[in-house]
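What follows is calculated from the coordinates using simple rules that are stated; it is not laboratory data. All of these numbers come straight from a predicted model, not from anything done at the bench. Cβ: placed from backbone, ideal geometry, glycine included. Neighbour counts: every protein chain shown.
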């Protein structure tokens with residue numbers, strides 16, 4: 001099953017591309033998987049020509065394969081052959097208009113070329129295919145901000161001679177520029193995190209259809225992930241259904257524990273609403289699985305930024321259902337209503353909770369359907 | 001996603017206060033400027049139609065690529081998608097707060113003017129009478145940042161066009177050189193300076209006017225170089241208060257206007273805030289003054305100097321002569337004549353805007369008498385004194 005829109009929400013444009021690539025890997029033929037994985041490894045190591053060689057080998061056998069072509073687009077982008085990369089991604093959008101990733105990556109390249117209008121169009125297409133594709137929304141936000149900045153420059157004649165104006169704008173640009181998203185340089189390290197090795201043994205299933213099946217349109221009802229906050233969606237279908245399927249556990253008189261979990265979640269939402277980052281982060285377990293597998297400190301600093309940015313945040317919780325899995329584990333499912341300023345989004349959330357020293361903490365945070 | 005954006009612009013629109021549903025039902029004129037599009041954009045914003053607003057803003061920029069106000073609105077429309085905006089031009093305020101304020105003023109001025117297009121049944125009080133060969137008259141309203149063009153339709157002024165303008169940085173009612181103010185008064189175009197003779201700053205051309213006029217000089221006002229002119233090539237329009245005293249139009253507006261300007265003829269009346277008269281009231285005011293002028297002419301012909309003298313103000317000044325000296329001289333001259341015939345033709349009468357109540361009257365004077373005849377263009381300044389129109393200045397035009 002293709003589940004792009006639920007793919008880990010990365011800030012890095014190309015990183016998502018990689019993530020998307022990874023998910024595409026799930027459905028590629030195992031026969032050719034070696035080439036693909038080699039190509040990915042080479043790319044990760046910065047050995048672009050070898051990566052290209054491998055992916056070309058793969059594509060010679062399966063010239064239509066979406067994942068291979070996608071990977072080739074990434075490699076070419078890395079090699080600075082942006083025109084070729086644009087060609088590949090564009091063709092992918094034509095052959096697989098339901099995939100948001102090629103659009104997204106086209107947008108990244110366009111944005112790097114300062115063709116913000118084209119970038120905007122591409123991202124809008126990505127969102128049209130997958131209305132809740134958080135990264136595209138986030139990137140689109142960036143593009144809007146850049147376009148806005150251009151418009152302001154023109155409006156206010158903030159030319160190079162205007163030192164004060166420039167330095168202030170440069171600061172804003174830098175803030176955005178410092179997000180790994182826009183900097184090609186930042187792409188590599190993140191790309192290196194592609195967890196092929198990690199995911200493969202668990203999830204690779206030989207699937208008969210090598211080509212992506214027409215993906216059912218994403219449910220539009222799912223509100224888009226808020227731009228201002230990374231809701232850190234994880235794979236929608238929990239990798240281990242075991243977590244869910246334990247109705248037996250509920251036989252225990254666990255009313256107290258249920259209440260405790262609910263309280264912990266409410267307290268988490270309240271800390272978030274108060275923009276109390278310290279308190280908010282204190283609700284996460286030490287072994288919290290960061291959504292992209294990034295380091296705890298990287299994730300924390302990102303959360304910090306995102307919570308600080310909006311002038312106000314309101315998070316409320318509706319329809320909470322708590323399932324206990326033994327004495328120290330629980331799953332909390334609920335509808336999360338997020339409001340930052342006048343921006344609103346509603347999402348289904350699943351929190352995997354663990355009890356540590358009598359305190360319920362979040363071990364994993366997912367977006368549900 | 002766009003649903004979520006809804007309320008974002010509301011505060012900015014409220015701050016705007018002039019909403020854009022303007023001119024919806026009112027009379028339609030030849031709207032050549034950006035105001036109709038601009039008004040539409042704001043109407044869309046108010047209706048929470050962001051996409052449409054952005055599209056129309058882009059249309060606006062296609063038509064007016066250097067329209068900074070439109071760029072600012074575009075910036076807002078884009079930025080509003082990433083964060084909540086509390087103020088107009090918010091994304092630019094940090095870097096250039098005063099410039100944003102200027103653009104906001106421009107937006108307000110343009111929309112207000114668009115909303116209150118002149119009613120066809122009303123005319124600016126100042127255009128009491130145009131000469132037959134004055135095809136057009138120009139009336140400026142500094143408060144509204146607007147210039148109105150009137151066509152001389154067999155003596156009746158008919159509104160034909162209006163344009164956004166900028167005036168002095170420090171406002172109007174110019175007194176002296178360098179005060180960065182625009183004069184208030186009755187002037188006319190004195191020459192035409194083509195683009196080639198000017199730096200880019202003046203845009204597509206310039207039309208100097210005769211500030212300081214006789215009245216200004218009498219009041220001790222000085223300064224020079226008050227022009228109507230265009231904008232630099234990278235600028236569509238400037239803020240409402242931007243010049244050193246000149247009246248500045250967008251180049252395309254100046255080009256359109258210049259077709260109607262007659263050097264040495266076209267009146268340029270600059271007011272702080274135009275007073276409008278219904279055509280009936282205008283007719284009455286005009287008639288009463290024409291009657292006074294006719295009485296003055298008849299009294300002059302009568303050679304009864306006392307009757308003639310009642311038309312002259314205590315404040316009269318001409319060539320260094322006060323009222324007494326003027327009258328005594330006339331008395332001596334009239335005594336030597338057996339008859340006088342005075343004909344006035346092609347009269348123009350323009351009322352001064354503002355506090356000083358006077359009318360600039362210009363006409364062809366055909367003077368014949370038993371011992372002397374001459375033909376001249378005469379100019380008089382009539383003021384209200386003790387409830388009557390009287391002459392405060394008289395001389396060759």
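Below is a table of values for the structure above.
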| quantity | calculated |
| --- | --- |
| Exposure proxy ranking, count of Cβ atoms within 10 Å, fewest first, for A:360, B:50, B:339 | B:339, B:50, A:360 |
| Bridge type composition, the stretch B:122-274 - antiparallel percent by DSSP, nearest 5 | 75 |
| Burial ordering of A:36, B:270, B:293, A:317, fewest other beta-carbon atoms within 10 Å first | A:317, B:293, A:36, B:270 |
| Principal-axis tilt of helix B:50-63 within chain B, Cα atoms, nearest 10 degrees | 50 |
| Computed [θ] at 222 nm, deg cm²/dmol, chain B (DSSP H ≥ 4; -39,500 (n - 2.57); rounded to nearest 500) | -10000 deg cm²/dmol |
| Acute angle (nearest 10 degrees) that the helix B:279-302 long axis makes with the longest principal axis of chain B, alpha-carbon atoms | 20 |
| Residue-averaged beta-carbon neighbours from other chains (10 angstrom radius) around B:61-74 | 3 |
| Rel. contact order, % - alpha carbon contacts under 8 angstrom, at least six apart, the stretch B:122-274 | 31 |
| Prolate/oblate/rounded label for the stretch B:275-332 (Cα gyration tensor, a/c 1.5) | oblate |
| Overall form of chain B per C-alpha gyration tensor (a/c, 1.5; a/b vs b/c) | prolate |
| Per-q log10 I(q)/I(0), the stretch B:267-397, q = 0.09, 0.20 Å⁻¹ (Debye; single scatterer per alpha-carbon; no solvent) | -0.28, -1.29 |
| Exposure proxy ranking, count of Cβ atoms within 10 Å, fewest first, for B:348, B:237, A:297 | A:297, B:348, B:237 |
| Relative contact order of the stretch B:283-362, defined on C-alpha pairs under 8 angstrom at six or more residues apart (%) | 24 |
| Relative contact order (%) - the stretch B:112-190, alpha-carbon pairs under 8 angstrom, separation at least six | 20 |
| Value of Rg to Rh for the stretch A:257-369 (Rh from inverse mean 1/r over Cα pairs, i.e. Kirkwood) | 0.94 |
| Nearest-ten-degree value, helix B:35-46 long axis tilted from longest Cα axis of chain B | 40 |
